[in-house]
Amino acid sequence: MYEWRKMTHLQRTEALRIRKEKHFLWHNPPHIVGDTYFYHLSAACYEHSPVIGHSAERLAAFSEFLINGLTNLSIEIFAWCVLPNHYHLLLQVDNLLMLIKEIGKLHSRTSYQWNGDENCRGRQVWFNCSDRYIRGERHFWVTMNYIHHNPVHHNYVEKWQDWPFCSANDFINSVGEKQAAIIWNQYPILEYGKGWDDPKI
């Protein structure tokens, strides 16, 4: 299992290098008006097994596959985070059914590849993918904070910036540390995720 908190400084530096080479980008935040559709998507590995986190290389490759694949569908991604056994996305999409279909294809491809890599044919890799409609501007920013805070919430790192497989660094670089702190304080996550995102994962 890949665990960031157990890595040496050199291993963390290498993981960050891998991430930077992929040029994962964070897009500018929207002004939520009219009939635009925003969703919080989350998906978990079966029984929360850390299949995505088999290695830093797999985490980086899956992050790239996920973000680039959805961006190529003209889906605007505003926040994302990939952890060893689940991931979160905050995005804008016109056709949710098409998005879920593409997520299903992505899960199918990665399951086949990873089970082959680990000689585990027949293993169930993914459990589910859930979507939550973003109800307004406050809900959007709370979700943004929740996603970027997720690696800290699950005790992988102490600061957002330390987890390489998410959009937190790009977000902070885009809005600045002062504004990121204002957003964090103005839109606290409170009980967000309780009951469906187990802190023991």
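When you look at Glu64, is it assigned to a helix (DSSP H, G or I) and at positive phi, yes or no? Step through it out loud before you land on a result.
On the way: assigned to a helix (DSSP H, G or I): yes; at positive phi: no.
Against the criterion (assigned to a helix (DSSP H, G or I) and at positive phi), Glu64 does not qualify.
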Report yes if Ser111 is within 22 Å of Thr71 (Cα to Cα), more than 17 Å from the chain's Cα centre (by Cα), assigned to a helix (DSSP H, G or I) and touching a residue at least 60 places away in the same chain (Cβ under 8 Å), otherwise no.
no
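Filter the stretch 123-138 for residues that are among the polar types (S, T, N, Q) and within 16 Å of Leu66 (Cα to Cα); which is modelled with the highest pLDDT?
Once the filter is applied, the top-ranked residue is Ser130.
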Subset tally (residues that are assigned to a helix (DSSP H, G or I) and within 20 Å of the chain's Cα centre (by Cα)) for the stretch 114-125:
1
Selected residue (only one of Leu73, Leu89 is on the phi < 0 side of the Ramachandran plot, outside any helix (DSSP H, G or I) and modelled with pLDDT of 95 or more):
Leu89
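Only one residue in Asn145, Asn128, Asn169 is in contact with a strand residue (DSSP E or B) (Cβ under 8 Å, 6 or more places away or on another chain), of a type outside the set (A, V, I, L, M, F, W, C) and either in a helix (DSSP H, G or I) or surrounded by fewer than 19 Cβ atoms within 10 Å (Cβ to Cβ) (or both), so which one is that?
Values: Asn145 fails: in contact with a strand residue (DSSP E or B) (Cβ under 8 Å, 6 or more places away or on another chain); Asn169 fails: in contact with a strand residue (DSSP E or B) (Cβ under 8 Å, 6 or more places away or on another chain).
Within the list Asn145, Asn128, Asn169, the selection yields Asn128.
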Across the stretch 68-113, the tally of residues that are surrounded by fewer than 18 Cβ atoms within 10 Å (Cβ to Cβ) and among the aromatic types (Phe, Trp, Tyr) stands at 1
Given the criteria surrounded by 13 or more Cβ atoms within 10 Å (Cβ to Cβ), more than 19 Å from Glu47 (Cα to Cα) and without any contact (Cβ under 8 Å) to a residue 24 or more places away in the chain, does Gln179 qualify?
no
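The values are calculated or read from the model by the stated rules, or taken from the named source; none is laboratory data. Keep in mind the model is a prediction, meaning the values are calculated, not measured. Here Cβ is always computed from backbone atoms with ideal geometry, including for glycine, and neighbour counts include all displayed protein chains.
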